[in-house]
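Read-outs throughout are calculated quantities, based only on the coordinates presented, and are distinct from any laboratory measurement. It should be emphasised that the depicted structure is a prediction, and the values quoted were computed from it without experimental measurement. Don't worry about glycine lacking a Cβ; one is built from the backbone with ideal geometry, like all the others, and counts go over all protein chains shown.
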Amino acid sequence: VAARLNSAGFIRSQGFIGGKWTDAYDGKTIEVTNPATGEVITNVSCMGGRETYDAIASAQDAFVSWSKQTAAERSKCLRRWYDLIMAHKDELGQLMTLEQGKPLKEAIGEVSYGASFIEFYAEEAKRVYGDVIPATLPDRRLFVLKQPVGVVGAITPWNFPLAMITRKVAPALACGCTVVIKPSELTPLTALAAAELAIQAGIPPGAVNVVMGNASDIGEALLASPQVRKITFTGSTAVGKKLMAGAASTVKKVSLELGGNAPCIIFDDADLDVALKGAMATKFRNSGQTCVCANRILVQEGIYDKFANAFSNAVSSMKVGDGFGEGVVQGPLINDAAVHKVESLVQDAISKGAKVLIGGKKHSLGMTFFEPTVITDVKSEMQISREEVFGPVAPLLKFKTEEEAIRMANDTNAGLAAYIFTTSIKRSWRVSEALEYGLVGVNEGLISTEVAPFGGVKQSGLGREGSKYGMDEYLELCKEKRNKA
Ligand code: ADP
C-alpha cells in the first residue's frame, strides 16, 4: 500500500512552508511508522523554531491578501478543497490506516467526516454578518464588524489525523485567517497530503503551512510570535494547560479540546439493544482512542448483569487486527506507551477488586494490539475511573439511583461528552441538564457532526468547534463608531 501511495504522490516527507515543500534547516528527519507492523513508512523533516518562524512569516504575508478576498472567493477555494479530498477519500483513508492503524472503513469514514467541516465552512464563509446598534447620540451610528483574528497556530493529535485539522483550518480559512499546522509527529502524512490538495484547490501559498518535528520548540515559536493571534489545540489536558499559560505572554485567543472522562449511563428503563449498540459505538471507536469515548459505563443495578453479559458477548465478537484486514473493527493502539497505560489502569483496577469479564491483556497478535476488554465491579476511586483510558477497555460501574448516577458522572475535572440511555423523556431532559458536560448523547453513541458545536466544560477545554459557533473562534468583534455626517 505504501509503495502505491508513494508513487501516486500521496506520501510527502517534507514540511510545507509558503507553498513550498521544505526540508528542516539541519536536514534532520524522523521516522513515521505503521503501528500495526512496526514498519517505517517514510522519514519526514524534523523541524523546530526556525522553520516555524518561516511558516508564521509566510502565513502573515498570505493573510494580507487572503483576508481581503471576498467571502465568495474563499468559499470557492474551500469547496474545491472539499471536492478534492472526497475524490481521493480512498487514498487518504489508506494513508491514515497506514500511519494511525484504524480500520480502513473507519479511516475512510474519518475522511468524509473531516471533509464535512470544509464543506460546511465553505458555506458558512458567506454568512459572517455584523451588526448595527442603535446609537446613543442622534448624529452617530454604531456598527459591529467581524474581522479575522490573523495567523492561527493549529496543534493537533494523532487519533483523528484529518478531522482534527479540518475542524480548525476550515473555519479559520473561511473567516480570512491563515494557518500554521503542527500535526502529531505520529501521523503527519495525512496532514501533508491534505495540504497538497489545498494548494491544488487554489488556496494561496502561505495560507496553509505544515511544520512538524520538535513539538515543544514548534509550540514555543508559535506562542512567542506576536503575529500568531490564535492558538487552537486538540490533545492532552497537560499540554493544553501549558499552551494556555504560554499564550498569556502575547495575549492570544485560545481554543482547547482536551481530555474527557465520559460517563455512559445506562438506566434500568433503557432499551437494551439501543444501549448496547450505543455503548459499543462510543467505547470502541478507534479502539477506544478518542476523547469522547465512554470512559466509565455506569449501569443501574436492575439491568447490570443482563447488560454486562450482552455487552461482553458483543465485545468478544469484534475482530482485532491490521486495519487493512477483512472484517477488522479494532486496530492496534498507537504505540507502546498507550499499551502500558492501558495495562497499568487494568492492573490497578484488578488490584482494588475489579473483575475481568473478557480480555484484560495484550493481544496474541503482539505489537500494540490489546484485547477488547470488559471489567466489572469497578469503583469510582480506581484510577481507571479517574483517568482517560484511551484504549479498548470498558469499565462497568454499578449505581442505584438517578441522583447517585449524576453525582458519580460529575465527579471528575473533565466535562467533554456524556451519554445516557433511557426510555423516559422526562429523565432524559433532567439528567442531560444536570450533567456538567459540553455534549450529551441521549440514546446515541456517536454524537459528533460538523453542524453542531463540539467542546468541553471544566478542564476539558475552551471554545467550540463545528457549527456556526465554530466561526467565532477565528473572528474579532470590532466596533466602528461613525459620525453620520
Ligand atoms: P496525545 O496524548 O493525544 O498525544 P499530546 O497533548 O501529547 O496528546 O499531543 C497533542 C499534540 O500536541 C501533538 O501534535 C503533540 O506533538 C503536541 N505537543 C506535545 N507537547 C507539546 C508542547 N510542549 N508544545 C506544543 N505542542 C505539543
Ordered by packing density, taken as the mean number of other Cβ atoms within 10 Å over each peptide's residues, highest first, how do 413-420, 452-459 rank?
413-420, 452-459
Pairs beyond 30 Å (Cα-Cα), from 105/458; 105/277; 168/361:
105/458; 168/361
Using alpha carbon coordinates only, what is the Rg to Rh ratio of the stretch 200-301, with Rh defined as the Kirkwood radius?
1.17
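Apply 1/(1 + (r/R0)^6) to the Cβ-Cβ distance of residue 380 and residue 29, taking R0 = 45 Å, and write down the FRET efficiency to the nearest 0.05.
Taking R0 as 45 Å, the efficiency between residue 380 and residue 29 is 0.50.
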Please list the non-local residues whose amide H lies under 5 Å from the amide H of residue 295, H modeled 1.01 Å from N, same-chain partners needing a gap of 5 or more.
262, 264
Distance-filtered residues of the stretch 366-384 - backbone nitrogen under 18 Å, label point 7 angstrom along residue 352 Cα→Cβ:
374-384
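Based on Cβ point charges of +1 for Lys and Arg and -1 for Asp and Glu, what charge dipole magnitude is obtained for the stretch 1-104 about its Cα centre, in debye rounded to the nearest 20?
So the dipole magnitude of the stretch 1-104 works out to roughly 440 debye.
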R0 of 45 Å, Cβ-Cβ distance residue 64-residue 362: FRET efficiency to nearest 0.05:
0.25
For residue 105 and residue 449, what does the FRET efficiency come to when R0 = 22 Å and r is the distance between their Cβ atoms, rounded to the nearest 0.05?
0.75
In nm, the gap between the two label points placed 7 Å beyond Cα toward Cβ at residue 136 and residue 479 is 0.7
With charges set only on the Cβ (+1 for Lys and Arg, -1 for Asp and Glu), what does the dipole of the stretch 373-440 come to about its Cα centre, in debye to the nearest 20?
260
Among 344, 333, 401, the residue whose Cα sits farthest towards the positive end of the charge dipole of the chain, when +1 is placed on the Cβ of each Lys and Arg and -1 on the Cβ of each Asp and Glu, is 401
Report the paramagnetic label zone for residue 147: residues of the stretch 233-259 whose backbone N is under 19 Å from a point 7 Å from Cα along the Cα-to-Cβ axis.
251-254
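Could you work out the per residue convex hull volume over the alpha carbons of the stretch 36-103, in cubic angstrom? Please report the intermediate quantities before stating the final value.
Numbers: hull volume 8.1 nm³, N = 68.
Hull volume over Cα atoms, normalised by residue count, gives 120 Å³.
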Please give the peptides 131-138, 205-212 ranked by average Cβ packing (other Cβ atoms within 10 Å per residue), highest first, as a rough proxy for protection.
205-212, 131-138
Only loop residues by DSSP count here, and only those with at most 16 other Cβ atoms within 10 Å; note down the GluC sites (Glu not before Pro) in the stretch 19-64 that meet that.
39
Cut-off under 19 Å on the C-alpha distance; same-chain residues fewer than 8 positions from residue 355 excluded. Which lysines are left, in chain and number order?
283, 306, 341, 379, 398
May I ask you to derive the relative contact order of the chain, considering only C-alpha pairs under 8 Å and at least 6 residues apart, and to give it as an integer percent?
18
Inter-site label distance for residue 468 and residue 434 at 7 Å from Cα along Cβ, in nm
3.3
Phi-derived 3J(HN,Hα) across the stretch 31-37 with the Karplus relation (6.51, -1.76, 1.60, θ = phi - 60°), rounded Hz, x for Gly and Pro, is 7, 10, 10, 8, x, 6, 10
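Expressed as a whole percent, how much of the Cα-Cα distance distribution for the stretch 391-485 exceeds 16 Å?
That tail contains 67 percent of the Cα-Cα pairs.
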Could you pull the Cα extents of the stretch 288-348 along its three principal axes, largest to smallest, in whole Å?
39, 30, 22
Which GluC sites (Glu not before Pro) from the stretch 418-475 combine a DSSP loop assignment with at most 15 other Cβ atoms within 10 Å?
444
Which of 126/481; 89/252; 146/252 exceed 29 Å between C-alpha atoms? The answer is 89/252
By average C-beta atoms within 10 angstrom, highest first, the peptides 278-285, 376-383, 115-122:
115-122, 278-285, 376-383
Scaled by the rule-of-thumb 2.2 N^0.38 Å, the alpha carbon Rg for the stretch 159-200 gives a ratio of 1.11
Nearest-20 debye value, the chain charge dipole, Cβ charges on Lys, Arg, Asp, Glu:
1380
Relative compactness, the stretch 123-179, computed as alpha-carbon Rg over 2.2 N^0.38 Å:
1.64
Report the normalised scattering of the stretch 117-258 as log10 I(q)/I(0) at q = 0.10 Å⁻¹, calculated by the Debye formula with identical scatterers on the alpha carbons.
-0.38
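Express in nm, to one decimal, how much length is gained between residue 273 and residue 344 on full extension, taking 0.36 nm for each residue of separation and deducting their alpha carbon distance.
22.4 nm
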Other residues with Cβ under 11 Å from the Cβ of residue 34 give, with Lys and Arg +1 and Asp and Glu -1, a net charge of -4
Rounded to two decimals, the Rg over Rh value of the chain from Cα coordinates and the Kirkwood Rh reads 0.99
